[in-house]
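Report on the following structure.
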There are 2 protein chains.
Amino acid sequence: MAHTEIPYKIYLSENEIPRYWYNVRADMKNKPAPLLNPQTGEKLKQQDLEHIFCSELVKQELDNDTPQVEIPQEIRDFYKMYRPSPTVRAYCLEKALDTPAHIYYKFEGNNTSGSHKLNSAIAQAFYAKKQGLKGLATETGAGQWGTALSMSCAYLGLDCRVYMVKVSYEQKPARKEVMRTYGATVIPSPSNTTEIGIKINKEHPGTTGSLGCAISEAVDFVSHHDGYRYALGSVLNQVMLHQSIIGLEAKSALDKYSVVPDVIIGCAGGGSNLGGLIAPFMGEKIRGEKDYRIIAVEPASCPSFTRGVYAYDFCDTGRVCPLAKMYTLGSQFIPSANHAGGLRFHGMSPVLSQLYHDGLMEAVSVEQTKVFEAAELFCRTEGILPAPESSHAIRCAIDEALKCKETGEEKNILFGLTGTGYFDLTAYQKFNDGEMNDIIPTDEDIARSVALLPKVQ
Amino acid sequence: MAHTEIPYKIYLSENEIPRYWYNVRADMKNKPAPLLNPQTGEKLKQQDLEHIFCSELVKQELDNDTPQVEIPQEIRDFYKMYRPSPTVRAYCLEKALDTPAHIYYKFEGNNTSGSHKLNSAIAQAFYAKKQGLKGLATETGAGQWGTALSMSCAYLGLDCRVYMVKVSYEQKPARKEVMRTYGATVIPSPSNTTEIGIKINKEHPGTTGSLGCAISEAVDFVSHHDGYRYALGSVLNQVMLHQSIIGLEAKSALDKYSVVPDVIIGCAGGGSNLGGLIAPFMGEKIRGEKDYRIIAVEPASCPSFTRGVYAYDFCDTGRVCPLAKMYTLGSQFIPSANHAGGLRFHGMSPVLSQLYHDGLMEAVSVEQTKVFEAAELFCRTEGILPAPESSHAIRCAIDEALKCKETGEEKNILFGLTGTGYFDLTAYQKFNDGEMNDIIPTDEDIARSVALLPKVQ
């Protein structure tokens, strides 16, 4: 029946690429809490943020009211190089699971950055170029974001400076090399190129760095260099806005075949993919038009939603960034070894945090060995080697499909397949060799870093 | 004009995936020379080859008459996971080159094997499964073919044994790990698991292997193991047949917009991509319906078309394989260091060899530093990090487009972008660091190995 009707891959045509991003904040009854100045505790305004981000992006960051934000034609032209991305019916996975559930995934990995990150990178680079800036600085952990920004800057002729968490820089020479091929300058962080890097190196000799620390360095760099601004690949409201294209396309594709998802699943690190995937569905849910079960999946080693607190915190280790109200494990939290580098951030998008706080979505945490079991099954059946981050969503989707097998329910499950795992083969090797562990923080670990939260609440 | 009419990516719909492969041999006036028994010099027949390949594939190998070979539904279902692949208009590259030429490329890299190799791998695995075999053995150099066969075997539940050229096994742990994730057994070659491997290791202690040597080992393995057959990713007539899907799709896509390519360009190692891409166009050319300029691009370090001889030769170093008449540098030729592992084979498809010999196509050779310059420009403009192999075609396409800039001609250029370079970042690093060399064989080098050709001619 459905097998002959719904293709394996639903592709929209080029002129069906959305013309507007959707800003879910406009529909939220409780808006995400504003960013605060860490010194004064005061709400940050347009002019306070313009030395960090370019003006148009600050406007987007602070705009809780405009539901539809037009996507400039130049960005849509870039999107045409790798979008619309396919919404895929996982026929082969369904068969392997012998489930009555229908599983769909929105695949964002078919571009050289290897993930959905390019959707926001090109937007941030475009507005920087439009403002006449020289370049952008950013951080990268797993490397997808750094690659995405390098690609976007190369395309527009902007300088790109990437602070790469030192341990990734050393363990992932290939990732570094992609960025260099796109003309970016890649610096292992903490480095001696910024005051904050020098300070961190002095206080923690031999440190291999962290995402929070690399953020501090990138922000520090732009604050000392004219013509540069900072770009961030997740957490921010503007990023959720740009990433809404994922959900808009997925929804259009499913609508073509009158498929309504019962469950929507996404992995959650800073929230960029999840926020984007669920945006239009969440809008309908808030407006009371439809009901969807929405599930955020996070690693058990870095469980901000499921074990963190909802409070104001720094987005970076060096504490140079504004304060955001979010689910957080504390900016000084160091997640134990986990191969999903993109899910090791201590905090979570303020938008998603508010939605979760308001009971509009659920969250689960999963252990990485279980995640890689799901990844292996997925790659053997669906033919795509998934990124460890994306595999968190696969794990949860499989679990939901197996529940349907027990109950006999023919649910529609949609999940976000954020990217590919071509640069994560060391993790796969550990799994293939049976050498992968699950290390989960104790309550004391979390209490210790939460105790260091800033006092402004 | 065209800009608004022709989309960036032309996607066929799922039910437009071809139902038949096209066998160009049926239209060739001079058929490719038959495979010979190296001992007796006699023409090999169905039963002689059935201990190496499964029966249906031998039939395809020897069939010079049937123009259309039906693609089994099971293979078409697998194709649906990653096909139809896009035919892309390289608007951004055209702009960067400021050329009046229209450049199109057929992109085969959007699957986990990273290349077009999957098109034939699934066909070979399917027929093996249908014949009730236990598994397949093969060789791999750069790794694309081994990955493709591993994926196909995992999908069908077949055992897969990959002899990987030792130097690649050591330098590309990630490639090896993808294959392992797909359940394959990966053995560095020459190994001590086959007689021929033991012999080669004894004669050349410390050797890092070669593709020709890995082929010998895989063939040796199947000849000693019931229920196994050998699979080869290029050169063979059957592979050209399966790969015709590339050209058939590309032609359908261009036909939709009434675009007729003036020049068709593909990189050539064993010829699988080139043979597939040009198949339907070559058919029209042979039948006198249309004229196309067709160009094979090979590395200057391994120039079988441009500097080899057209003669019977072994396909492997160990000389256990049948003899094929082809353009060859001699089976004992060892190409100098070149980062396009997929283009280091000493010979060339007998089909393409005959077509080239008959003046139906041209060939050029290019140096690898020039190839990587083209790769860098391409990835910065088109956003796809190309495989070094594919970048040979990019180089030639750019050169042709630049000629159009001089002459003002608005030619349509179509080239094959066979795959992505995610596992080739060591090569990119050498290029980025200015440490890449071009080592080209001397006439004496080639004469020396050509002198060792078998006497059966």
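General remarks:
- Measuring from each cysteine beta-carbon in chain B, the ones with no other cysteine beta-carbon under 4.7 angstrom are B:Cys54, B:Cys92, B:Cys213, B:Cys267, B:Cys302, B:Cys379, B:Cys396, B:Cys404.
- Taking the Kirkwood radius as Rh and the Cα radius of gyration as Rg, the stretch A:334-427 has a ratio of Rg/Rh equal to 0.99.
- Footprinting exposure proxy ranking of A:Arg180, A:Arg83, fewest other C-beta atoms within 10 angstrom first, gives A:Arg180, A:Arg83.
- Dmax and Rg, reported as Rg then Dmax, of the stretch A:99-203 (C-alpha, Å): 15.9, 58
- Distant-in-sequence amide contacts of A:Ala387, defined by a placed amide H-H separation under 5 Å and a gap of 5 or more residues or a different chain, comprise A:Gly419, A:Thr420, A:Gly421.
- Rg/Rg_globular for the stretch A:1-53, with Rg_globular taken as 2.2 N^0.38 Å and Rg from C-alpha atoms: 2.11
- Annotation note: trypsin sites (Lys or Arg not before Pro) in the stretch B:257-308 located in DSSP loop regions with a Cβ neighbour count of at most 13 within 10 Å are B:Arg287, B:Lys290.
- In the stretch B:180-237, one over the average inverse separation of all distinct C-alpha pairs is 12.3 Å, which is the Kirkwood hydrodynamic radius.
- With contacts taken as Cα pairs under 8 Å and at least 6 residues apart, the stretch B:349-433 reaches a relative contact order of 28 percent.
- Rounded D (µm²/s) - the stretch A:305-368, Kirkwood Rh over Cα pairs, Stokes-Einstein at 4 °C, 1.567 mPa s: 104
- Its residue count N fixes a reference of 2.2 N^0.38 Å for chain B, and the Cα radius of gyration divided by that reference is 0.91.
- Filtered chymotrypsin sites (Phe, Trp or Tyr not before Pro), the stretch A:227-288: DSSP coil and at most 16 other beta carbons within 10 Å: A:Tyr257
- Computed on the Cα atoms alone, the convex hull of the protein assembly as shown gives a volume of 159 cubic angstrom per residue.
- The mean sequence separation of alpha-carbon pairs under 8 Å and at least six residues apart, normalised by the residue count of chain B, gives a relative contact order of 19 percent.
- The stretch B:192-330: C-alpha gyration tensor shape, a/c 1.5 cut-off, then a/b vs b/c: prolate
- Volume per residue for the stretch B:43-108 equals 180 cubic angstrom (convex hull of Cα atoms).
- For the stretch B:1-102, the direction-averaged projected area of the alpha-carbon convex hull comes to 11.1 nm².
- Normalised per residue, the volume of the convex hull around the Cα set of the stretch B:211-293 (Å³): 104
- A helix-only calculation puts the protein assembly as shown at -12500 deg cm²/dmol for mean residue ellipticity at 222 nm, using -39500 (n - 2.57) for each DSSP H run of at least four residues, averaged over all residues.
- The trypsin sites (Lys or Arg not before Pro) found in the stretch B:4-112 that occupy coil by DSSP, while having at most 14 further C-beta atoms within 10 Å, are B:Arg19, B:Lys29, B:Lys45.
- For the stretch A:157-260, the alpha-carbon radius of gyration amounts to 1.40 times the rule-of-thumb value 2.2 N^0.38 Å expected for a compact globular protein.
- Per-residue Cβ neighbour counts within 10 Å put A:His392, B:His357, B:His102 in the sequence B:His357, B:His102, A:His392, beginning with the fewest.
- Residue order, fewest to most beta carbons within 10 Å, for B:Tyr163, A:Tyr428, B:Tyr292, A:Tyr327: B:Tyr292, A:Tyr428, A:Tyr327, B:Tyr163
- Distance from the stretch A:55-72 to the stretch A:390-457 (C-alpha centre basis), Å: 31
- Relative contact order (%) - criterion: Cα under 8 Å, at least six apart; region: the stretch A:89-182: 23
- Nm distances between copies for A:Glu50, ranked from closest, using label points 7 Å along Cα→Cβ: 8.2
- Across the copies of the chain, A:Asp98 has label points (7 Å from Cα along Cα→Cβ) spaced 6.6 nm apart, shortest distance listed first.
Each value in this text was obtained by applying a stated rule to the coordinates, not by laboratory testing. Not measured: the values here are computed from a predicted model. All Cβ positions, even for glycine, are placed from backbone atoms using ideal geometry, and neighbour counts span all protein chains on display.
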